[in-house]
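Here the structure is laid out as structure tokens; the discussion comes afterwards.
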Amino acid sequence: MIDLLFVMLPHSCALDWAGPAEAFRIANQTLERQGQSAAFRMRFMGPDAQAVSSVGAQMMQLEALPSVFERPSWLILLGSPDEHINLSSPPVRTLDVWLRSISPQLQAPHRLITVCAGALLAAQAGLLAGAQVTTHHLELKALQRLEPQCQVLANRIFVADTSRHIYSSAGITTGIDLAVHLIAEVCGEAVAARVAQVMVMPMRRSASDPQLSAFLSHRAHLHPAVHRVQDALSQAPQQAWTAEAIAEVACTSTRHINRLFDEHVGHERFRFFAHYSCGAGSKSFAKWQKCGAGGRFVRIQLRLADASRLEGFWQREPAFAEQNALNFTQKKRQPELPFFMPQGNNQS
């Protein structure tokens, strides 16, 4: 289990901690409902035992700042409204001394996470030298002044400097995007997609990859039957999904689920599943393509045996094909493997 250490200062922006905390809570809830153990334990601490948040809510019985991380821990530094950013205030000075004292511990498996102007706290303590980071667009210049040796990246939702185990997000709501990204790393894309759905996130934003995850594409609708089908696929992308199996999950007829996909997703059923399943296999392909087995490996993993049918999809989706570097047109048909949808042109 990973300890999430939210450091609370006077006037910490409420959404900087509440948004990510809710995302991690929902991730734990999703795991437990699947019979797995929770992945995260949230702890709230600060230089003082209580603090008033940016909206006036009182945070009471905060833990003292620990001298040692007893288990894998993610240290989360939060921002404050611009008028309350005071890097020379007594609580910030106390925090600065503590951050410098624990800085040697901020190595794997531990991580440093900053939300919004929380990056300024890390910079002042000397934790960001040589790192790639971002922060709220109003604080970019201040961040660069505080730590000239860090690379400040503007116009980013979040930045993941994995070599330094430092993760920084821009303003306020982007902490949720970063949290969902981190949940995907630890718990998998299916759990992250569920978190985004429960939090009613119409899209999952990413700084390094502007394209929507295949697990989140076409999720802006609110139809429960279609969401059930999309959830089922995300949890078992390798399953041989027949039209009847899809309809059973949706509790509809095969013809009606086609109409629902066309209305709420904007794609007929086969086009959506081809897009989704090939997106799910892109990482496997990237891992294996240098071995000369990429195409066959992805078809085996995703049960996409009908190469000629996939070729047609790729011809209609050239941008998607280029993005995932998948080229089935040079692969041989492998009829011995079952396809995940009925063969032929059955669209019922």
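No lab work stands behind these numbers, since they all come straight from the coordinates. Keep in mind it's a predicted model, so treat the numbers as computed, not measured. We place every Cβ from the backbone using ideal geometry, glycine too, and count neighbours over all the protein chains shown.
Worth a mention:
- Given (1) touching a residue at least 24 places away in the same chain (Cβ under 8 Å); (2) closer than 25 Å to residue 227 by Cβ, index of the condition residue 156 fails: (2)
- Test: residue in the stretch 91-110 that is surrounded by fewer than 18 Cβ atoms within 10 Å (Cβ to Cβ), touching a residue at least 60 places away in the same chain (Cβ under 8 Å) and among the polar types (S, T, N, Q): no
- Pairing residues of the stretch 32-58 that are within 22 Å of residue 100 (Cα to Cα) with residues that are aromatic (Phe, Trp, Tyr) and surrounded by fewer than 18 Cβ atoms within 10 Å (Cβ to Cβ), at Cβ distances under 7 Å and at least 6 apart in sequence or on separate chains, gives no pairs at all.
- Candidate set: the stretch 61-119, residues that are among the charged types (D, E, K, R) and under 22 Å from residue 135 (Cβ atoms); chosen: the one farthest from the chain's Cα centre (by Cα): 93
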